[in-house]
1. Treating the beta-carbon of each Lys and Arg as +1 and of each Asp and Glu as -1, no other charges, what is the dipole magnitude of chain A about its Cα centre, to the nearest 20 debye?
2. Suppose all protein chains stay in the model; what accessible area per residue would a 1.4 Å probe give for chain A, in Å²?
3. Can you compute the charge dipole magnitude of the range A:206-317 about its Cα centre, using +1 on each Lys and Arg Cβ and -1 on each Asp and Glu Cβ, nothing else charged? Give it in debye, rounded to the nearest 20.
4. Which of the three applies to chain A, rounded, prolate or oblate, going by the alpha-carbon gyration tensor with a ≥ b ≥ c and a/c under 1.5 meaning rounded?
5. Any chance you could look up the accessible area of residue A:98 with a 1.4 Å probe, heavy atoms only, rounded to 10 Å²?
6. Taking accessible area as the heavy-atom solvent-accessible surface of the protein chains with a 1.4 Å probe, which residues of the range B:27-41 lose no less than 10 Å² upon going from the isolated chain to the full protein assembly?
7. Taking N as the number of residues in the protein assembly as shown, what is its alpha-carbon radius of gyration divided by 2.2 N^0.38 Å?
8. Quick one: how many lysine pairs in the range A:35-148 have C-alpha atoms under 19 angstrom apart, if they're 8 or more apart or on different chains?
Amino acid sequence: MASKSALSFHVKAECKVSKARVGLMKLPHYEVKTPVFMPVGTQGTMKGLLPDQLESLDCEIILGNTYHLGNRPGTDVLTKAGGLHKFMGWNRALLTDSGGFQMVSLLKLAEITEEGVKFRSPYDNSEIMLTPEKSIEIQNCIGADIIMQLDDVVQTTFQDYDRIKEATERTSRWLDRCLKAHKRPTEQNIFPIVQGLLNKELRTQSAKDHMSKDVNGFAIGGLSGGESKDDFWPMVSLSTGILDKNKPRYLMGVGVAIDLVICVALGVDMFDCVFPTRTARFGCALVSKGQLNLKQKQYEADLNPIDKDCECSTCKNYTRAYLHGIVTVETVACHLLSVHNIAYQMGLMKSMRSHIENGTFPEFVKNFVSEYYPDGNYPSWVVNSLSKVGINVVKN
Amino acid sequence: MRFTIKHANLGGERVGTLTGFMKSPNTVIETPTAALLTQGGSVTHLTSEVLSKVFTTPQLLWVPLSNSVQVEPGLKAQGQGMAKFSGLPEHIICVSQHNMSEVTPPGHFELEKVPLWTKNGKKMITAERYMDLMELYKPEIFLAIADGRTALNEGYKRVLKSLDRSCNMFDTCVRRYKASKLLQNSALVGVVVASGLSKKRDESLNHILKSKDSLSGVALAGLTDGTEEANKLASKQLENILQTMGEAIPNDLLRIVEGCWNPALIMVAIEHGWDLFDGAYATKLSNAGHALTLNLYTGSESRDLCILDLNDERYKEDFTPVLSGCECLTCKKHTRAYIRHLLNTREMLSSVLLSIHNLHHFDQLFRHARQHIAGNTFQVYKKHIIKQYEAFKQYEAANGIINNDSDKPFNGITQIKKKIKVSDDEIPTINVVNGS
Ligand SMILES: [Zn+2]
Ligand SMILES: [Zn+2]
């Protein structure tokens, strides 16, 4: 049984119009302000940045991947190190995924049965069975503040109803096994994952099943996998409509600015995505209108910072012209762009939090959307999702 | 810039200071010292934010033209010099033609041009073009252009050509330097070539010294073309060359040794009065996943080897710092096991953490050397360091490890490209936004 002591969540302010809210999530290692973006540090490191730098960027919680960490450095090393926090020198909060998603997406040979996910190790080709119990055992070793149940993952665009139904129901059964196997309920929180893909009935059923369990928060899964945005947002809205208002809601794998804004309006509290750091490696910097590809020749003599209003150490010390000269050649360029891109994400979440608290969130959303789509051609999903929560962005 | 000798011993080793930098009049760089090697203008693997966590005072940075010239359009547009442009405005820069330790393919030569191997391939440059670039870089110190990338056993004809071409180019540098308003606050360093032939080497030095009034220092080239074989050969003959040249160069000139020489050779160079090194050794160790762990305290023995290969499985569960007692950020916060994991998973943070430690520790190596010179105990220190290095070489030999140290070529850009794991065709198509 999960204990309440490993997580407490207080809703501090709510938007009077939309479902957006500001909260404080107290975890064993840190008090996290929500809505929050969690950068992904797959292998126990954030793409060349020191833990000190992440702290100065106001990162309060970061993600690690169970599948990768379980392989390298492995549970033996992590146990001896006293957990991932100590191993990587990160004192704030951590979240780990279940490892199931990586297996299904990385490995073609994965086979899912009631027992678990069977696959061949890409390291030594041996056959491995990842069961709900095994996933929790590894996550207990890693020691993150929030851990994920193993879920039965189906490609989001998959059509076969019987298979989706099976996966949704199996996810609920696996949740029970995960909760039963959990050895550190006073230090770690298991979040169930709402499944059901794009099917309303199944997703409703999944959310209701999870609501009946003694858990401290919920994840919304099975989305952001190639489905259209018009199919995506109603599922988010449906999920947040059912899930307990007094517990944090985590939308998995979402991190592009416009998606963050809309999903905050729909009532989501937590997000993660590899996008800001991955795009940095390719020389791309996030700005309010999208991104700049600094490799392009147009920047070779551009003496502006990436964003003149950005407070990050990259924008304070470096020009676009300098970055143009070193992107994709020097590791320093990756580090500089990762710093800026994480600062951008953190800044966006921070301004959403303050607008929700000040009661100006709907105006913020309208401004954001008009800046994001300067030609005024707002996609239907943006208009419809926001109108659903009472924010009208269509120009009169 | 002013070079002042503060303390010189009979043996030749000396402590000095570099002062009088226009942009930071209070900065004092003590010699002997190693500069911090840069790539693309940045200290390898370290952003300015991270560098400020390693060193709190202005540092001397070694800026090879070859690995940074691609930023020329921006540098020109900005017009405030390379230190400022690369986000390191408070630091002192010394510009050289190449990173001496980097392998360069044998190239053809033209009468008045030498090849510069850049990230965009070979560029032939003249002394005039070189001086144009110096006016853009605005360095505190710069080396004259030379045709100095020859091995000690290079053919006689090639060496003669190299000497001839270097002398001509040096004269152009001096003429331009004297006439340049933009380089009034930059110090010029002459480059001795033909180091493998003592007579030709002397000719080279004598030619440079004809312009002694314009000179702040002398650097040594013509030792290696960067290949493993040439490095090996140079290591063996270096002591002799350093000694003869150390004696031949007037005392008041700053003496610079470029290249990736090991701590034992560095001690020898210091003993013969050499003042400044380019810092390539520390960078090479970091790139290879190695940590420098010399015991700098004479009179105590250390149990560890003086270079640790943190790629080794043996560190998998070693939760101790890289070097106990080390004051660097890496040693204070991280373990050998974590760095080993980062190397094993090819994560970029491994290079950052190793650079932080290696640059700090390499700096300490020189700091202790200066203290020993001032206290007239340098011989004891030198023996203490050389003994540790010899023990390391013996360990390597006994364990069948083939020189993963000094002689192996240095490969900056390719190695790093592999780390970033970016190839041009991986670049995704994205929205283009007009500059604001
Ligand atoms: Zn920025
Ligand atoms: Zn250290």
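The values are calculated or read from the model by the stated rules, or taken from the named source; none is laboratory data. All values reported here derive from a predicted model rather than from experimental measurement. For neighbour counting, all protein chains shown are included, and Cβ atoms are generated from backbone atoms with ideal geometry for every residue, glycine included. For the accessible areas, the whole protein counts, side chains as well, though only heavy atoms, and no ligand, DNA or RNA atoms are used. Shrake-Rupley method; radii C 1.70, N 1.55, O 1.52, S 1.80 Å.
1. 500 debye
2. Working: 14560 Å² over 396 residues.
So chain A comes to 37 Å² accessible per residue, rounded to a whole number.
3. Value, rounded to 20: 180 debye.
4. Working: a/c = 1.57, a/b = 1.21, b/c = 1.30.
The shape class here is oblate.
5. Accessible surface of residue A:98 is approximately 10 Å².
6. Residues passing the criterion (a loss of at least 10 Å², heavy atoms only) are B:39, B:40.
7. 1.06
8. Total qualifying Lys-Lys pairs in the range A:35-148 comes to 4.
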